[in-house]
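Encoded as structure tokens, the structure appears first; notes follow it.
The values are calculated or read from the model by the stated rules, or taken from the named source; none is laboratory data. What you see is a predicted model, and the numbers here were worked out from it, not measured in a lab. Ideal geometry is used to build each Cβ from the backbone, glycine not excepted, and the neighbour counts take in all protein chains shown. These area figures cover heavy atoms from the full protein model, side chains too; ligands, DNA and RNA do not enter into them. Shrake-Rupley method; radii C 1.70, N 1.55, O 1.52, S 1.80 Å.
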Amino acid sequence: MATVLVAEDDSDIRDLIVFKLEQTGHTVIAVGDGSAALRLARERTPDIVLLDVMMPGMSGIDVCRELRQHAETAACRSSCSRPGPRRATSPRA
């Protein structure tokens, strides 16, 4: 399975993500801030980096930008939604 780096400042959310990933067989490295995520991503080169967008100090977007600037971590891909209420959409015919 994959090694996943999880950066989430809310410990309850972080613990839930870690639990679910470990339950499916992944190795998880969990941190509570962007600076630690950046350092460990460079040191450990995980298969996947899962970043909270809004963290104090260095945001997940800032971390991803930094990772993309270095060859060994340039493959960082991000997928995020904008903060705020979710809107239901109906499929178009």
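When both residues are 6+ apart or on different chains and their Cβ atoms are under 9 Å apart, which pairs have a first residue that lies in segment 64-76 and is free of Cβ contacts under 8 Å to residues at least 60 places away in the same chain, and a second that is outside any helix (DSSP H, G or I) and open to solvent by 100 Å² or more (accessible area, probe 1.4 Å)?
Here the result reads 64/77, each pair linking segment 64-76 to a residue that is outside any helix (DSSP H, G or I) and open to solvent by 100 Å² or more (accessible area, probe 1.4 Å).
This table checks each residue for (1) crowded, with 16+ Cβ neighbours inside 10 Å; (2) not β-branched (Val, Ile, Thr).
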| site | (1), (2) |
| --- | --- |
| 4 | yes, no |
| 17 | yes, no |
| 24 | no, no |
| 30 | yes, yes |
| 34 | yes, yes |
| 42 | no, yes |
| 46 | yes, yes |
| 50 | yes, yes |
| 54 | no, yes |
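I'm trying to understand the selection: among the residues of segment 6-15, which are open to solvent by 60 Å² or more (accessible area, probe 1.4 Å) and of a type in the set (A, V, I, L, M)?
The one that is open to solvent by 60 Å² or more (accessible area, probe 1.4 Å) and of a type in the set (A, V, I, L, M): 13.
With the condition being out of contact with any Pro (no Cβ under 9 Å at 6 or more places or on another chain) and at pLDDT below 90, I'd like the helices (runs of 4 or more DSSP H) fully within the chain carrying at least 1 qualifying residues. Full working, then the answer.
Working: elements: 11-23, 34-44, 60-68.
Counting at least 1 such residues, we get 60-68.
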